[in-house]
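All remarks here apply to the structure that follows.
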Amino acid sequence: MKDLIPISDFTALRYALVDHVATVTLDRPEVRNALDRRAYDELEAAFRHIHADPEVRAAIVTGVDPAFCSGEDVKAMMTGAQKEASVKRLTSGAAGTTPAAAAVLDCAKPVIAAVNGVAVGWGCELALFADIRIASEHARFGEIFIKRGLITDVGGLSRLPALVGPSRAAELLFTGDIIGAAEAERIGLVSRVVPHGELLAAATELAKKIAANPPLAIVAMKEGLRRGTGYAHAELGAWVSGKLGELFQTEDHREGVASFLEKRAPAFKGR
């Protein structure tokens, strides 16, 4: 396993532990908490730590206002050296589930996503990786990968259909449409919607309620849920990585990125 970034060295995330509840806060508000390579690595490190730390009994993931997470930092991750590194990893034949995704999904402790604003692209995936989602009235959700000529990560292909049904999931994935908090609650994507100013308090109250229960039984309960729903990300993650390795090299992906950065309508060619 690669060396993980120590929590004390985090620059893209904030990490706090209070009363057995760990709170991970994405802290790149200048780009609406979009994820670059450093942020992905810190997210992985945070959840590996939560998994291993016996003092943590429940976790919350959220973002610095006004966004939860706007997905990948398109300029950083889909152009230049970081894109080349991603393509190399994805086409290596050994790539599997995105390491940050695997860290959240493999976490033995219950994870609550407190979605305080826009959660699109990989930000929507991050919310899906959590066990429970609570949304602010300002939250918005969108699986916008199709707009960049890509496919979603394992959350959209597995957890989204389980939550909202295959047909509704297909509509969201094929269109890349963005929905508001009320619609997300109506279709079952989130457990509940609360006033924006009450979101973190509501998530913390729920996390403390969970943390007050027997820790070993909670871990076993989460494992039972994973087994009962048949959710295992490794095989699907390997397929996603291979397919993304292909799609990252298409003209349509380059056009999707260019049109986003140039703020114009895309013209896809199917190649």
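Here are the numbers for the structure shown:
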quantity: Residue check for residue 187: aliphatic (A, V, I, L, M) and without any contact (Cβ under 8 Å) to a residue 40 or more places away in the chain; calculated: yes
quantity: Single unsatisfied condition, residue 72 versus (1) surrounded by fewer than 22 Cβ atoms within 10 Å (Cβ to Cβ); (2) modelled with pLDDT under 95; (3) out of contact with any Asp or Glu (no Cβ under 6 Å at 6 or more places or on another chain); calculated: (1)
quantity: Residues being more than 17 Å from residue 176 (Cα to Cα), assigned to a loop (DSSP other than H, G, I, E, B) and either in contact (Cβ under 8 Å) with a residue 60 or more places away in the chain or among the small types (Gly, Ala, Ser) (or both) - total across the stretch 248-267; calculated: 3
quantity: Yes/no for residue 185 being surrounded by fewer than 16 Cβ atoms within 10 Å (Cβ to Cβ), modelled with pLDDT of 95 or more, among the acidic types (Asp, Glu) and not in a loop (DSSP other than H, G, I, E, B); calculated: no
quantity: Scope the stretch 225-271; condition β-branched (Val, Ile, Thr) and either surrounded by fewer than 14 Cβ atoms within 10 Å (Cβ to Cβ) or within 22 Å of the chain's Cα centre (by Cα) (or both); matching residues; calculated: 229, 240, 257
quantity: Filter result for residue 199 (under 24 Å from residue 47 (Cβ atoms) and part of a loop (DSSP other than H, G, I, E, B)); calculated: no
quantity: Filter result for residue 167 (of a type in the set (S, T, N, Q), more than 29 Å from residue 260 (Cα to Cα) and at pLDDT 95 or above); calculated: no
quantity: Subset of the stretch 32-76 [farther than 27 Å from residue 257 by Cβ and assigned to a strand (DSSP E or B)]; calculated: 58, 59, 60, 62
quantity: Residues being of a type in the set (S, T, N, Q), surrounded by fewer than 17 Cβ atoms within 10 Å (Cβ to Cβ) and either under 22 Å from residue 120 (Cα atoms) or in contact (Cβ under 8 Å) with a residue 24 or more places away in the chain (or both) - total across the stretch 1-45; calculated: 1
quantity: Checklist (1) under 19 Å from the mean Cα position of the chain (by Cα); (2) closer than 30 Å to residue 57 by Cα applied to residue 179, failing item; calculated: (2)
quantity: Which numbered condition residue 239 fails, given (1) free of Cβ contacts under 8 Å to residues at least 12 places away in the same chain; (2) of a type in the set (Phe, Trp, Tyr); (3) not in a helix (DSSP H, G or I); calculated: (3)
quantity: Residues that are in a loop (DSSP other than H, G, I, E, B) and more than 16 Å from residue 144 (Cβ to Cβ), drawn from the stretch 164-182; calculated: 165
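The values are calculated or read from the model by the stated rules, or taken from the named source; none is laboratory data. Just so we're clear, the structure is a prediction, and the values are computed from it rather than from any experiment. With ideal geometry, Cβ positions are generated from the backbone for all residues, glycine too; neighbour counts draw on all protein chains shown.
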